[in-house]
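Before any comments, here is the structure.
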Amino acid sequence: MRIKVPETLTESHLKYDQDAGRSWNAALPALAERYLDEWDLRLDGEPSHGIVALVLPVLRSDGTPAALKLQPVTDETAGEALALRTWAGDGSVLLLEADPATGTMLLERLAPDRSLSSVPDVTRALGLLADRLRRLSAHPAPEGLRRLGDIARRMLDDVDGAVATVYGERDRYWLRWCAGAVAELVPEPGDRLLHWDLHYDNVLAGAREPWLAIDPKPLAGDPGFELLPALWNRWDEVLATGDVPRAVLRRFDLMVDTLGLDPRRAAGWTLGRVLQNCLWDVKDGCLVLDDVHVRVAEAVRARW
Ligand SMILES: Nc1ncnc2c1ncn2[C@@H]1O[C@H](COP(=O)(O)OP(=O)(O)O)[C@@H](O)[C@H]1O
Ligand SMILES: [Mg+2]
């Protein structure tokens, strides 16, 4: 076997999903070999990975560099190929081949180790990220994706249980507050093609364009639901300003301006996104809400 799964990826598979993770991990080398063969690819360097995906640099038969991405099909990843096909390279990586049966994709090759996280000036990085979001969310969502309206309604169903579970009055207050915003917005959930996971590591340097988005977990909805990852990633730089609410709002306002969003709706959907994270944490057994999310909610409430 020519393909060795990086140990850190194996650990991550086991951490997130014991049994399924183990069998997925064991099957990965053979799966990669299969697509190298089917799509006539040659290995061209060391693999990269995130928490789930294995990405192999390859050359196509005509010598073009590409990247082979292998990941399990889940609710979140299922729409990735459809979203990339819809964007057709407009701010995103190009999709070259896809097999929906296994979730395997062949992508335009980008620089695996140069993401917006490596841009030292966070305001510049944020401006670039916001501009990608503006372009991506200009596209209407195609049929067949998860819909924000359904996700939001399911969140609201889970709020009472979470309120009964968390430990402190502050956390109960924030769960209810965020749920109130979502309840008001849920009748108008939007129809744009959303990336959902656009943080600094998911924008890579490219040759066709300087910066391109990768790794969507797409859904159809309001672009206000896209802002949270960029608000809480690179959090050290928020803390370093010494004024968390001001620094969060600075990021929020820059994105809202760049995307041309209504600030109140964007704030409401950001609170919805905070709620989504908090509900997941509670489901995973947390009894206290993540302080970063609460601090983002506190700041963004000023625009609601
Ligand atoms: N098109 C690409 N070209 C080069 N490297 C890539 C490409 N897509 C992903 N990578 C590398 O693989 C890593 C994981 O890919 P990503 O799609 O973000 O998966 P995950 O869902 O696991 O985060 C990226 O951080 C990057 O280093
Ligand atoms: Mg990623």
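The values are calculated or read from the model by the stated rules, or taken from the named source; none is laboratory data. What you see is a predicted model, and the numbers here were worked out from it, not measured in a lab. Because the Cβ atoms are built from the backbone with ideal geometry, glycine has one as well, and the counts that use them run over all protein chains shown. The protein model used for the area step is the full one, side chains on, heavy atoms only, and it has no ligands, DNA or RNA in it. Shrake-Rupley method; radii C 1.70, N 1.55, O 1.52, S 1.80 Å.
Running a GNM on the chain with Cα contacts under 10 Å, which residue among GLY206, GLY21, GLY221 ends up with the highest mean-square fluctuation?
Comparing GLY206, GLY21, GLY221 in the GNM, the peak value goes to GLY21.
When we measure straight from the Cα of LYS217, which lysines land under 20 angstrom away, once same-chain ones fewer than 8 places off are left out?
Hits, sequence-local ones excluded: LYS69.
Just want the answer: with Cβ charges of +1 for Lys and Arg and -1 for Asp and Glu, which residue in LEU136, LEU261, GLY91 is farthest toward the dipole's positive end in the chain?
Checking the options against the dipole of the chain, the answer is LEU261.
What residue among PRO57, PRO210, PRO189 shows peak mean-square fluctuation when the chain is described by a Gaussian network model with Cα springs under 10 Å?
PRO210
Return the percentage of antiparallel bridges among DSSP beta bridges fully within the range 7-108, rounded to the nearest 5 %.
Antiparallel bridges: around 100 percent, rounded to the nearest 5.
Check every DSSP H run in the chain and write down those whose alpha carbon atoms cover 18 angstrom or more along the long axis and whose mean Kyte-Doolittle hydropathy is 0.0 or greater.
Span-like helices, by this rule, are 122-136, 148-165, 244-259.
For the chain, what % of the accessible area comes from carbon and sulfur atoms, probe 1.4 Å?
Summing carbon and sulfur atoms, their accessible area is 52 percent of the total for the chain.
For a Förster distance of 25 Å, can you work out the FRET efficiency between the beta-carbons of ALA138 and ASP257, rounded to the nearest 0.05?
After rounding, the FRET efficiency stands at 0.95.
Once both labels are modelled 7 Å past Cα along the beta-carbon direction, what's the ASP44-TRP280 spacing in nm?
About 3.3 nm separates the two model spin labels.
Considering Cα pairs under 8 angstrom that are at least six residues apart, work out the relative contact order of the chain and quote it in whole percent.
This gives 16 percent for the chain.
Over all alpha-carbon pairs of the chain, lay out the pair-distance distribution in 10 Å bins, whole %, shortest bin first.
Result, from short to long distances: 6, 26, 33, 25, 9, 1, 0 percent.
Using 7 Å Cα-to-Cβ label points, what is the ASP17/ARG2 separation (nm, one decimal)?
Each label point lies 7 Å from its Cα, and together they span 2.7 nm.
Over the chain, with a Gaussian network built from C-alpha contacts below 10 Å, which listed residue (ALA81, ALA101, ALA213) shows the highest mean-square fluctuation?
Of ALA81, ALA101, ALA213, the Gaussian network model singles out ALA101 as fluctuating most.
Please turn the phi angles of the range 96-107 into ³J(HN,Hα) values with the Karplus equation 6.51 cos²θ - 1.76 cosθ + 1.60 (θ = phi - 60°), one per residue in order, whole Hz, x for glycine and proline.
Per-residue couplings from phi come out as 9, 8, 8, 10, x, 4, 10, x, 7, 9, 10, 10 Hz.
Might you work out the accessible area of THR165 for me, using a 1.4 Å probe with all protein chains in place, and round it to the nearest 10 Å²?
We get 60 Å² for THR165.
With every protein chain left in place, what is the accessible area per residue of the chain in square angstrom, probe 1.4 Å?
I get 46 Å² per residue for the chain.
Which value, in debye to the nearest 20, gives the size of the charge dipole of the range 116-303 about its Cα centre, when Lys and Arg are +1 and Asp and Glu are -1 at the Cβ?
300
Per the Kirkwood treatment, what hydrodynamic radius in Å, one decimal, follows for the range 245-304 from the mean inverse distance over all distinct Cα pairs?
For the range 245-304, inverting the mean 1/r across all distinct Cα pairs yields 12.0 Å.
Which value in Å is the Kirkwood Rh of the range 7-108 over different Cα pairs?
Taking every pair of different Cα atoms in the range 7-108, averaging 1/r and inverting gives 14.1 Å.
Protein chains only, probe 1.4 Å: how do TYR200, TYR16, TYR167 rank by accessible area, largest first?
TYR167, TYR16, TYR200
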